[in-house]
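Asks: Got a structure here, written out as structure tokens. Questions coming.
The values are calculated or read from the model by the stated rules, or taken from the named source; none is laboratory data. Since the structure is predicted, the reported quantities are computational estimates derived from the model, not experimental observations. Cβ placement follows ideal geometry from the backbone for every residue including glycine, while neighbour counts extend to all protein chains displayed. Surface areas here come from the heavy atoms of the whole protein model, side chains and all, with no ligands, DNA or RNA. Shrake-Rupley method; radii C 1.70, N 1.55, O 1.52, S 1.80 Å.
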Amino acid sequence: MSEDVFQIITSADIKALKMQLALQCSPLLVGLKVSNLLIVSSKDENHVRRLFRRSGITARVIYKGDGKTTFLLYRPDALEGYLKLEGVRKLLLWLGYKRTCLEEILDIFCCRYNQYRSHKMDFPHEMGLLLGYPVGDVYGFIINKGKNYLYTGYWKIYDNLSETLELFGKFDAAKEFMIRRVNAGASFSDIIMKNGENGQTLKRA
């Protein structure tokens with residue numbers, strides 16, 4: 001394959017990947033969330049690693065299977081700070097986590113998640129905390145076994161309905177904002193700015 005054709009194909013792959021990021025991860029990209037899942041074809045795994053290099057966002061593989069790679073994308077300081085909140089720490093302790101170090105928590109979670117995917121273990125509900133969901137909603141989901149929720153959107157709401165619905169509205173606006181930017185040809189560095197910078201732009205848009 002010639003170099004120019006390779007560049008065209010790679011460019012097309014990156015554009016498609018940027019649009020996927022806009023659809024799946026806009027709240028994280030604009031600074032409204034501390035983390036997001038990203039599921040891509042395994043052929044795009046290295047693209048993801050390159051895109052997030054030096055971005056301020058860590059791309060950690062948590063599962064591979066069926067031709068797909070699942071990443072946890074997160075801002076390390078923000079996620080670690082969230083996991084150290086008292087209510088979050090108590091729920092993590094209840095779920096069997098004795099440590100508070102982010103990397104140790106992620107190591108344990110990845111092991112549990114892979115065991116779940118191989119049908120050897122129940123679903124690890126701490127995923128909700130690692131995705132920055134409110135403690136009340138994660139706990140409510142666990143004790144209600146996913147039923148009796150007040151509303152379902154980006155996640156199932158069990159507490160603070162109006163506040164979370166307002167946040168969901170911001171997530172929707174972020175998605176529209178990012179899709180427009182990607183469609184207009186924004187570079188990857190343009191759509192992944194420092195935490196909060198895109199959020200301020202979003203407010204002005």
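Asks: Write down the accessible area per residue of the range 32-100 in Å², having rolled a 1.4 Å probe over the full set of protein chains. Don't jump to the answer; show the numbers that get you there.
Replies: Numbers: 3610 Å² over 69 residues.
Accessible area per residue, the range 32-100: 52 Å².
Asks: In the range 131-174, carbon and sulfur make up what percent of the accessible area (probe 1.4 Å)? Write out the running numbers ahead of the final one.
Replies: Values: 1340 of 2580 Å².
The value for the range 131-174 is 52 percent carbon and sulfur by accessible area.
Asks: Still on this structure, please answer the following. Need one word for the range 83-157: rounded, prolate or oblate. Basis is the Cα gyration tensor (sqrt eigenvalues a ≥ b ≥ c); a/c below 1.5 gives rounded, then a/b vs b/c decides. Walk me through the intermediate numbers first.
Replies: Values: a/c = 2.01, a/b = 1.23, b/c = 1.64.
Oblate is the answer for the range 83-157, as a/c is 1.5 or above yet b/c matches or exceeds a/b.
Asks: Among the listed pairs Lys64/Lys120; Lys33/Lys147; Lys64/Lys98; Lys68/Lys90; Lys145/Lys175, give every one whose C-alpha distance is greater than 22 Å. The partial results should precede the final answer.
Replies: Values: Lys64/Lys120 16 Å; Lys33/Lys147 25 Å; Lys64/Lys98 27 Å; Lys68/Lys90 33 Å; Lys145/Lys175 29 Å.
The pairs that break the limit, which is 22 Å between Cα atoms, are Lys33/Lys147; Lys64/Lys98; Lys68/Lys90; Lys145/Lys175.
Asks: Please calculate the 1.4 Å probe accessible area of Glu163, with all protein chains present, and give it to the nearest 10 Å².
Replies: In the full protein context, Glu163 sits at about 120 Å².
Asks: Which FRET efficiency, nearest 0.05, do Trp94 and Leu150 yield, Cβ-Cβ r, R0 22 Å? The partial results should precede the final answer.
Replies: On the way: r = 22 Å, r/R0 = 1.01.
The calculated FRET efficiency here is 0.50.
Asks: Right, another one. Using only DSSP helix segments of four residues or longer, with each worth -39500 (n - 2.57), what per-residue ellipticity at 222 nm results for the chain after dividing by its residue count and rounding to 500?
Replies: On the way: 10 runs with 116 residues, N = 205.
Value at 222 nm, helices only, nearest 500: -17500 deg cm²/dmol.
Asks: Further question on the same structure: Any chance you could check the Cα centroid distance between the range 124-167 and the range 44-111 for me, in angstrom?
Replies: Taking the Cα centre of each part, the range 124-167 and the range 44-111 sit 19 Å apart.
Asks: Further, regarding this structure: What relative contact order, as a whole-number percentage, does the chain give when Cα pairs under 8 Å and 6 or more residues apart are counted? List each step's numbers first, then the result.
Replies: Numbers: 230 pairs, mean separation 53.4, N = 205.
Contact order relative to length: 26 percent.
Asks: When the distances between all Cα atoms of the range 34-127 are binned every 5 Å from zero, what whole-number percent does each bin get?
Replies: In whole percents, the pair-distance histogram is 2, 13, 22, 23, 20, 12, 7, 1.
Asks: To continue, here is another question. Taking the range 52-90, which trypsin sites (Lys or Arg not before Pro) meet the DSSP loop condition and have no more than 11 other C-beta atoms within 10 Å?
Replies: Numbers: sites: Arg53, Arg54, Arg60, Lys64, Lys68, Lys84, Arg89, Lys90; in loops: Arg53, Arg54, Lys84.
When the trypsin sites (Lys or Arg not before Pro) of the range 52-90 are filtered for loop state and at most 11 Cβ neighbours within 10 Å, Arg53, Arg54 remain.
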